[in-house]
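K.L.:
The structure's right below; bear with me while I get my questions together.
Nothing in this text is a laboratory measurement; each read-out follows from the coordinates by a stated rule. Being a predicted model, the structure only gives us computed values, none of them experimental. No Cβ is skipped: glycine too gets one built from the backbone with ideal geometry, and neighbour counts run over all protein chains shown.
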Amino acid sequence: MTFIMHNSLYVHIPFCLKRCVYCDFVSGIYDPQKETAYIKALKQEIVNIPDNVSFETLYIGGGTPTALSTGSLNDLIAHIFEQCKFTIDHEATIEANPGTVDIRKLKAILSSGVNPELPQGYQRLRREASGANRISIGVQSFNDDELKTLGRLHTAEEAEKAGSLAKEAGFKNIGIDLIYGIPGQSVNSWIKTLEKAVQLEPDHISTYELTVESGTLLYDHIEKGRLQGPEEEKIIEMYNHTIDFLTAKGFVHYEISNFSMPGYFCRHNLNYWDRGEYYGAGLGAHSFINGKRSYNTGDLEHYIQSLSKNELPVEGSEVITADKALLETFFLGLRKTEGINLEKLSASYGEDIQKVYEKQIRELQRAGLIETYSSSRGFGTSRVTSSGNNRMRLTRQGILLSNEVFIRFM
Ligand code: SF4
């Protein structure tokens, strides 16, 4: 059989123990009966993934995947590895929330599902490359008041414990997610959260600015004046401090919001920013295959019923035109600190992209928001030169004003 290489598989778990006030993800409150029906439907959807596809990465996200029982997680991960083919060096991430993990569950996650591509008996490799070999912990803050403001279920102590437990269980690739710009948060408090995160020695840290989405409880609180977000200057100070502090601690700033130890970039997310193809399974999950984006229903009952009749739960799709693909390349590629390769882009679109966007590039360069540079030696070792520039990236100021840059290319 000839295998088609698809970079990524995303599997969505739409359950949480409690709804956070800022959340607009596809997720509802955990219920054991719904869990059973959902896992059955999800497994059926996974059976339908063509068997001539080979994946490099898997990402089990949510919601809170670790809200599931240990038995369901075991069952699901084992099923994914039985049904889908993965490359020998696959990366498989599971999102976890503090307060929903114990050592038994973490060890079970790590040992369920073995990539059959691995040589039999190669125990060390088997453990590192089997099941979910990467964990991303939703810490958000190490300050209890801020966690309460966000409506998080866990405490700072539980967050710290989740990090230690992941290490104790044997995870060799651990990420921590943090949020800044929380109402009531001071720059000092953010600095303390970053320091605490680094003390846990994770391999990856994501730092997201809190976004207030309409329709969320947080939006309502802010609208009614019950809460107030930090001022713009404080946000800028927090962001600048984040870059200075984490890079001084040896982390590579490889995407607007993401930092990792060298070699620990999240390959799954890099694939999104590179506009690679991906399959999505689960409630509301998106796929991007053969230039077409499609998405599943976000209605749990409908999802379960469709799959009980073995009908695909796809709700809509869109064929991406060449113009839209180009915009996506700018929008997604400029999120990476290495930016985009203009030569490659021109070759794939059959047009000199630097010429097409000459005016915008010149204006944004003058404003100090982007820079073109020559890169022949790879990530982090490039030189900014005035000639022979084949790459374009955001400057630090451009990162802070990234939306304005993206709008200029639209
Ligand atoms: S844990 Fe994550 S997905 Fe669940 S409610 Fe909170 S923010 Fe949303």
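K.L.:
What is the packing order of peptides 257-265, 43-51, taking the mean over residues of other C-beta atoms within 10 Å and listing the highest first? Walk me through the numbers on the way to the answer.
P.N.:
Details: 257-265: 18.4, 43-51: 16.2.
Top of the packing list down: 257-265, 43-51.
K.L.:
Quote the relative contact order of the range 1-90 in percent (integer), defining contacts as alpha-carbon pairs under 8 Å separated by 6+ residues. All intermediate terms of the calculation are to be shown ahead of the outcome.
P.N.:
Details: 125 pairs, mean separation 37.8, N = 90.
With pairs under 8 Å counted, the relative contact order is 42 percent.
K.L.:
For the range 4-273, what relative contact order do you get, as a whole percent, if you take Cα pairs closer than 8 Å and at least 6 residues apart?
P.N.:
On the way: 494 pairs, mean separation 46.9, N = 270.
Here the relative contact order equals 17 percent.
K.L.:
Taking the Cβ of Ile370 as the centre, find all other residues whose Cβ is under 12 Å away and add up their charges (Lys, Arg: +1; Asp, Glu: -1). If you can, show how the numbers build up before the last one.
P.N.:
On the way: positive: Arg362, Arg366, Arg391, Arg393, Arg396, Arg408; negative: Glu363, Glu371, Glu404.
Around Ile370, the charge tally is +3.
K.L.:
Using θ = phi - 60° and the Karplus curve 6.51 cos²θ - 1.76 cosθ + 1.60, what whole-Hz ³J(HN,Hα) does each residue of the range 19-31 get, with Gly and Pro shown as x?
P.N.:
Going residue by residue, I get 8, 6, 5, 9, 7, 10, 7, 6, 7, x, 6, 4, 8 Hz, with x marking Gly and Pro.
K.L.:
Could you list which residues have their amide H under 5 Å from that of Ile176, counting only those 5 or more apart in sequence or on another chain, with H placed in the peptide plane?
P.N.:
Those qualifying (amide H under 5 Å, at least 5 residues apart or on another chain) are Ile137, His204, Ile205, Ser206.
K.L.:
What are the principal axis extents of the Cα atoms in the range 155-199, in Å, biggest first?
P.N.:
36, 18, 14
K.L.:
Rounded to the nearest 20 Debye, what is the dipole magnitude of the range 322-408 about its Cα centre when Lys and Arg each give +1 and Asp and Glu each give -1 at the C-beta? Numbers along the way, then the final one.
P.N.:
Working: 14 positive and 10 negative charges, 60 e Å.
Using only the charged Cβ atoms, the result is roughly 280 debye.
K.L.:
A further question follows. I want the antiparallel fraction of DSSP beta bridges within the chain, as a percent rounded to 5.
P.N.:
Details: 24 of 60 bridges.
Counting DSSP beta bridges with both partners in the chain, the antiparallel share is about 40 percent.
K.L.:
For the range 4-273, what does the alpha-carbon gyration tensor say about shape, rounded, prolate or oblate, given a ≥ b ≥ c as the root eigenvalues, a/c under 1.5 as rounded, and a/b over b/c as prolate?
P.N.:
Details: a/c = 1.91, a/b = 1.46, b/c = 1.30.
Verdict is prolate for the range 4-273.
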